[in-house]
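Written out below as structure tokens is the structure these notes cover.
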Amino acid sequence: MTESFDRSGTGSSKWARAGRGRIALGLADMDLPGPAAIGAALAERARHPAFGYTVADPDGPRLVADWYRRRHCAAVDPAWVLCLPCGPRTAMRVLLDAAAPLVRGRTAVAAAPEWGGFAGLCAAAGLPFTAVPHGRADDPSGLPVDRFAAQRPGVLLVSSPHNPTGRLRTAAEVGALAALAAAEGGLLVSDEVHGDLVHPDHGLPHPVAVAVADPAAARHTVTVGSVGKTFNTSGIPSCWLLVPDPGLRDRVRDRAAALGVWEGGLLEQIVQRAALAEGGDWLDGLLRHLVAARDLALAALGPAVLARPQASYLLWLDGAALGLPPERAREQAMTERDVELADGSDFGAPRPGLLRLNYALPLPVLERALHRLACA
């Protein structure tokens, strides 16, 4: 997509965390330019000097539903869509606040390793939380549905595709989780913010949870989506929740309003509309780039790779296979090899020394990072 891309002077948290002289491979955003249509839409709006309160875009839910139809062949009712001017993490907190009284005293469950934010969100919502180990902890390509069932969960939480490995969930797995949530009278929360980033050479689609669940189970299922990861716009937070159950949808809307979060948002809606209406061709090009970057990383890091990604831009690594000491793998990668990665402990890794690498960079920059990392 580009030979170089400089984010200096933009306040990038990813590069600030890495520190001067290091290549940032840690946080999950891309060092690639986004669609020109988004910048053009923001510039056009900026020509008007008033930036006051804004009503919700009446076409927002339809744009989201059309996106799922075009990109995922998934049937989403626009009535299910709640567009919120906040990031997915905040939206999940609002959702869990709304759901907590319905599952009071019951446990929220996720697998491990898994995106690390679930535990904190559940604690903030007053929900007891437990992490259930995957059957194969280093390569968590499946979901331990039987182990989930043994917990009698009130809330099930899953990232789909999986974060940190970039592996796709299967429709059967997600459908089984939705059925379990329905059987327990609980809720499945499927965080699908990486769901648009399925590698085109994989061959299978991303399973949209509310669409692959049977109709009864879909009422116990919520999909969390966003243009943030897909189009690298997380600095202008926006997201949507797909909530088939009208009663839960009303509870979420009321809870959001109580916190001062209303559907709409000025810049957020401009970005979301431009991305969903005009970003398809750009996304196709991005996916081709991610496949090339993935293959470059796989070839360079070889035995250190624990799971071959099928989506997104994340690589799950064994630092010991790169000559990094398990107890301080991330620290040594930073101080001796000048690359910054995410520590596996942030995701509930089963042992020390596991790392997550983000390969969404221009290929020449990625090549330099991989050379540094592979040189023991």
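The values are calculated or read from the model by the stated rules, or taken from the named source; none is laboratory data. Bear in mind that the values here come from a model prediction, so they are computed numbers and not experimental data. FYI the Cβ positions are ideal-geometry reconstructions off the backbone, even for glycines, and counts take in every protein chain you see. In case anyone asks, the SASA skips ligands and DNA or RNA and just uses the protein heavy atoms, side chains included. Shrake-Rupley method; radii C 1.70, N 1.55, O 1.52, S 1.80 Å.
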(request) Just check the stretch 1-144 against the gyration tensor rule for me: Cα atoms, a ≥ b ≥ c as the square roots of the eigenvalues, rounded for a/c under 1.5, and otherwise prolate or oblate depending on whether a/b exceeds b/c. (result) oblate
(message) Output wanted: per-residue J couplings in Hz (rounded whole) for the stretch 15-32, from phi through Karplus 6.51 cos²θ - 1.76 cosθ + 1.60, θ = phi - 60°, x for Gly and Pro.
(response) 7, 5, 5, 5, x, 4, x, 9, 9, 7, 10, x, 5, 8, 9, 9, 9, 9
(request) Quote the convex hull volume per residue of the stretch 33-91, based on C-alpha atoms, as a whole number of Å³. (result) 140
(request) Can you tell me the alpha carbon radius of gyration of the stretch 139-219 divided by the globular rule-of-thumb value 2.2 N^0.38 Å? (result) 1.05
(message) From the gyration tensor of the Cα coordinates in the stretch 99-196, what semi-axes in whole Å does the equivalent ellipsoid have, largest first, with each one equal to sqrt(5λ)?
(response) 20, 14, 13
(message) Going by Cα centres, the stretch 153-183 and the stretch 2-56 are how many Å apart?
(response) 31
(message) Going by Cα centres, the stretch 260-294 and the stretch 298-356 are how many Å apart?
(response) 28
(request) Let me have the 222 nm mean residue ellipticity of the chain computed from DSSP H runs of 4+ only, each contributing -39500 (n - 2.57), with the sum over all residues rounded to the nearest 500. (result) -11500 deg cm²/dmol
(request) Scan around residue 132 for amide H atoms under 5 Å from its own, H built in the peptide plane at 1.01 Å from N, and keep only partners 5 or more places away or cross-chain. (result) 110, 111, 112
(request) Kindly write out, for the stretch 350-357 in residue order, the coupling ³J(HN,Hα) from the Karplus curve 6.51 cos²θ - 1.76 cosθ + 1.60 (θ = phi - 60°), rounded to whole Hz, with x marking Gly and Pro. (result) x, 7, x, x, 8, 9, 10, 10
(message) Contact order normalised by length for the stretch 1-91, with contacts defined as Cα pairs under 8 Å and 6 or more residues apart; what percent is it?
(response) 17
(message) Given an 8 Å cut-off on Cα distances and at least 6 residues of separation, report the relative contact order of the chain as a percent.
(response) 24
(request) Take the solvent-accessible surface of the protein heavy atoms, probe 1.4 Å, and return the percent of it on the chain that carbon and sulfur atoms account for. (result) 54
(request) Please express the shape of the stretch 226-376 as an equivalent ellipsoid: the semi-axes are the square roots of 5 times the eigenvalues of the C-alpha gyration tensor, given largest first in whole angstrom. (result) 36, 20, 13
(message) Please return the longest range in the chain lying between exposed loop sites, taking trypsin sites (Lys or Arg not before Pro), DSSP loop only, at most 10 other beta-carbon atoms within 10 Å, and leaving the sites out.
(response) 105-376
(request) Note down, for the stretch 127-274, the three equivalent ellipsoid semi-axes (square root of 5 times each alpha carbon gyration tensor eigenvalue), biggest first, whole angstrom. (result) 25, 21, 14
(message) Filter the chain for me: DSSP H helices, axial length by Cα at least 30 angstrom, mean Kyte-Doolittle hydropathy not below -1.0. List them by residue number.
(response) 280-301
(message) Taking each pair of distinct Cα atoms in the stretch 287-352 once, what is the resulting Kirkwood hydrodynamic radius in Å?
(response) 12.7
(request) Principal axes first, then extents: for the Cα atoms of the chain, list largest minus smallest coordinate on each axis, whole Å, largest first. (result) 57, 57, 36
(request) Quick one: which residues, 5 or more positions from residue 213 or on another chain, have an amide H under 5 Å from its amide H? H modelled 1.01 Å from N in the peptide plane, none for Pro or chain starts. (result) none
(request) With an 8 Å cut-off on Cα pairs and a minimum separation of 6 or more residues, tell me the relative contact order of the stretch 288-328 in percent. (result) 31
(message) Check which residues have an amide H placed less than 5 Å from residue 188's amide H, if you skip close sequence neighbours.
(response) 156, 221, 222
